[in-house]
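Notes to accompany the following structure.
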Amino acid sequence: MDALPHLELVRSVRAQAALRLKFGLFVVVVMLAAIGYWGSARPENQPWEIGGFCAAYLFYNLTAYYIAHNDRLVPPGVMVAATAVLDPVMLSAWLFIGGESSVLFIGFYLFTILGYGFRIGRTAMQLCQAMSIAGFGMVSATSPAWQDKPLFEISHLVLLVVVPLYANVLIQKLKVAREMAERASQAKSQLLANVSHELRTPLTGIVSTASLIGEQSPDGDSVERAHAIVDLALALDAEIKQLLDLSRIEAGREEGQKVAFELGQVGEHLSRTLGPVAAAKGIALELDLDPAIPAPLLGDAHALGSVLMNLVGNAVKFTDTGSVTLGASLLEEGDDDCAIRFQVRDTGIGIPADMQQRIFEPFFQVESGSVRKYGGTGLGTSIALAHVRRMGGELRLESTVGKGSRFWFDLRLPRTRKAAPAAAAPAARVVRGKHVLVADDNATNLTLLREMLERDNHEVVAVASGQEALEALATTDFELLLLDFNMHDLDGASVYETYRFGRLHIAPTFFVTADTSAVTTAQLEALGAAGILHKPVTFDKLRNAIASQFPESAVAAPAPPTPRPTPHLRPVPVEYLDPEAIETLREVRDTPEFLCRMIAEGVQDIERIDEALGAALLACDLTGVHRQAHAMRGVSLSIGAARLAALADRLMTIGQRELDAGSRERHADLRRTTDLSLAALDALRQSLLAQDAASTG
């Protein structure tokens, strides 16, 4: 069979089975009507014989549909091969039974052949074509209805040969065009993600530095300038966040999580965030929430908040006088769910009729030219539309130029008796006391995962290789497995496949990886494990993953400690460190000893990987570069070496031609980035030691 991804092949087989079932009913009705009118090919055929074949044909269609939706019974590739043979065999039997009418239905062969070609691939189409030609040849040689029509036989045989051959050429061209479009789309998404990440990292340092200047400077002008820097940086950060959201949506990585929430909390968050912006423009930001809406609701609170934030933010931006109103009204209430209409109305500039559909296109803006009053990237409505559709609704618009606009969408949300969290963000759930195996050949990641799990009272067995993981699995029953995907001896996928072979019951298994590419994600999802944890692994990620497998044991997670400011580093540019990663380490254990130990272990791992990665770069060893870059990215993300992680991310996807052309330049970039990152980590460690000494002295 053609090399379709597993999930795409499964979807295609299921779609083909559904079409076969619907089409089969049509074929039975039409063929029976034709036989009833013109008669069968052989007068001696009894009605029960024809009826029996109808029943067999429908049974075949139902069986194929059942197997297609239970792909563990028969692999999808085998299913395609079997049906590509049996479909034309069944059709040939119909033509043999039919009499004069069979001439009218020869086109069913082409319908079946081309269906395989465009839905499955050329190999399946060629197999179906060969069986169709063979089946039609036997029918024309044995059926009385065809024996006295040689010209009909030849003409239809030519069609069965020529039309699929021409379709084969078209399919190949479509395949090439599709691959080019996919590569272009992936390149664009990767570029957006990389550039956005690179921009957000130094922005964190800009905000921190400007805030520090504003707090410490006695000069009023300096304070004002510092606050201006902060405001501009935060505005730029919001635009970059939209680019990241778009890249995740286009790459299919935006996964919604349903949590209990209250609509009033979402409205209050929007009011606190955008209220001061509206007040500064002299316009009113109003909330009109129907008190009849039940609470709490169950849904993707993060996505809903993102949609409303984009819509209300745009409305405030494009309204200079009047008001902006966020409304929610109850349309219908059932026992288990309710239908709610969300709408955002403004009295702003409005949108011309000829641009109201294009407003949902990425990067499209009503304003154009070199002078633009409102600014922005033009992504807000595109992201909102994608989220609304993923939640099962459709975002709509009505607008009048000079009078304002109204955006609205309807969602059906389940009701729940669970208490909503204090904020609109998803609340983590925690499970305790499970027997867990962790396998990772990187000491820093292994230590961090073990510490996180032990913090929640899990019994942890930590091993540093795939072989050790298999040995542990052979002697001990675990309740949960966390397997690093990229280990030096056996990767996590190989460990998992070996572990589940011959077992009736397997423990829930999560793959841990720094590789967020769509190819790796699809490869791991196809294995059928419990899920994937992308590095850096935070408490919320880990706890929610475990809670998804043991929901009956999950309880509310404790509130995270109040974050402390990351020490200010003067000798090294702050963009080489990510404060959020440092805060994640503080959540695990907020002591200088632990933080210094994790930094020291991370530095050792980085130095070791840097040597191997540098050697692979100079040798133009593509496999080695990809493997070591993956390891470097995982360690760097875990201890907050943001710039080094971004460099490793680019090296994970580099091609051989690009590597050959610039291996020395990339090696020099690696050396420079590694040295500065290690210097920043050492400065952070020294600051932590100084803080500890001051607090204990």
Answer yes or no: is there a residue in the stretch 497-512 that is within 28 Å of S553 (Cα to Cα), part of a strand (DSSP E or B), aliphatic (A, V, I, L, M) and touching a Ser or Thr at 6+ places or on another chain (Cβ under 9 Å). no
Of (1) without any contact (Cβ under 8 Å) to a residue 60 or more places away in the chain; (2) within 15 Å of F407 (Cβ to Cβ); (3) in contact with a strand residue (DSSP E or B) (Cβ under 6 Å, 6 or more places away or on another chain); (4) not aliphatic (A, V, I, L, M), K317 satisfies every one except (3)
Report the residue count in the stretch 383-438 for those that are modelled with pLDDT of 85 or more, within 25 Å of the chain's Cα centre (by Cα) and within 24 Å of R543 (Cα to Cα). 3
Which listed residue, of T509, T513, T520, T475, is of a type outside the set (A, V, I, L, M) and surrounded by fewer than 18 Cβ atoms within 10 Å (Cβ to Cβ): T475
Here the residues within the stretch 101-141 that are modelled with pLDDT of 80 or more, within 15 Å of L91 (Cα to Cα) and among the polar types (S, T, N, Q) are T112, Q129, S132, S140
Got at least one residue in the stretch 19-27 being in a helix (DSSP H, G or I), within 30 Å of H69 (Cα to Cα), modelled with pLDDT under 70 and touching a helix residue (DSSP H, G or I) at 6+ places or on another chain (Cβ under 7 Å)? no
In the list L114, L170, L159, which residue meets the criterion of being closer than 17 Å to T83 by Cα and under 47 Å from the mean Cα position of the chain (by Cα)? L114
Within the set of pairs 6+ apart or on separate chains, which have a first residue in the stretch 579-592 that is over 17 Å from D682 (Cβ atoms), a second that is modelled with pLDDT under 75 and charged (D, E, K, R), and C-beta atoms under 9 Å apart? E583/R564; R586/R564; D590/R564; T591/D692
Give the residues of the stretch 271-299 that are assigned to a helix (DSSP H, G or I) and in contact with a helix residue (DSSP H, G or I) (Cβ under 6 Å, 6 or more places away or on another chain), sorted by residue number. L274, V277, A278
Just a yes or no: is a residue in the stretch 283-303 buried (at least 18 other Cβ atoms within 10 Å of the Cβ), over 33 Å from the mean Cα position of the chain (by Cα), in the same structural domain as H387 (by TED's automatic domain parsing) and more than 14 Å from R406 (Cα to Cα)? yes
Flag if L446 is assigned to a helix (DSSP H, G or I), within 18 Å of T584 (Cβ to Cβ), hydrophobic (A, V, I, L, M, F, W, C) and at pLDDT below 90: yes
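Here is a yes/no grid of residues against (1) closer than 24 Å to R455 by Cα; (2) outside the structural domain of D484 (by TED's automatic domain parsing); (3) at pLDDT 85 or above; (4) loosely packed, with under 15 Cβ neighbours inside 10 Å:
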residue	(1), (2), (3), (4)
E587	yes, yes, no, no
V603	yes, yes, yes, no
I609	no, yes, yes, no
A615	no, yes, yes, yes
H630	no, yes, yes, no
R633	no, yes, yes, no
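Out of everything in the stretch 320-345 that is under 20 Å from P276 (Cβ atoms) and without any contact (Cβ under 8 Å) to a residue 60 or more places away in the chain, what residue ends up being surrounded by the fewest Cβ atoms within 10 Å (Cβ to Cβ)?
Out of the qualifying residues, it is T321.
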For the stretch 605-655, name all the residues that are touching a residue at least 24 places away in the same chain (Cβ under 8 Å), of a type in the set (S, T, N, Q) and assigned to a helix (DSSP H, G or I). S636, S638
Within the bounds of the stretch 76-96, is there any residue that is farther than 19 Å from A64 by Cβ and surrounded by 19 or more Cβ atoms within 10 Å (Cβ to Cβ)? yes
Restricting the search to the stretch 432-458, which residues are more than 21 Å from L470 (Cβ to Cβ) and out of contact with any His (no Cβ under 8 Å at 6 or more places or on another chain)? T444, T447, L448, E451, M452, E454, R455, D456, N457
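The values are calculated or read from the model by the stated rules, or taken from the named source; none is laboratory data. What you see is a predicted model; the values in this text were computed from it and never measured. Note that we place each Cβ from the backbone using ideal geometry, even for glycine, and neighbour counts take in every protein chain shown.
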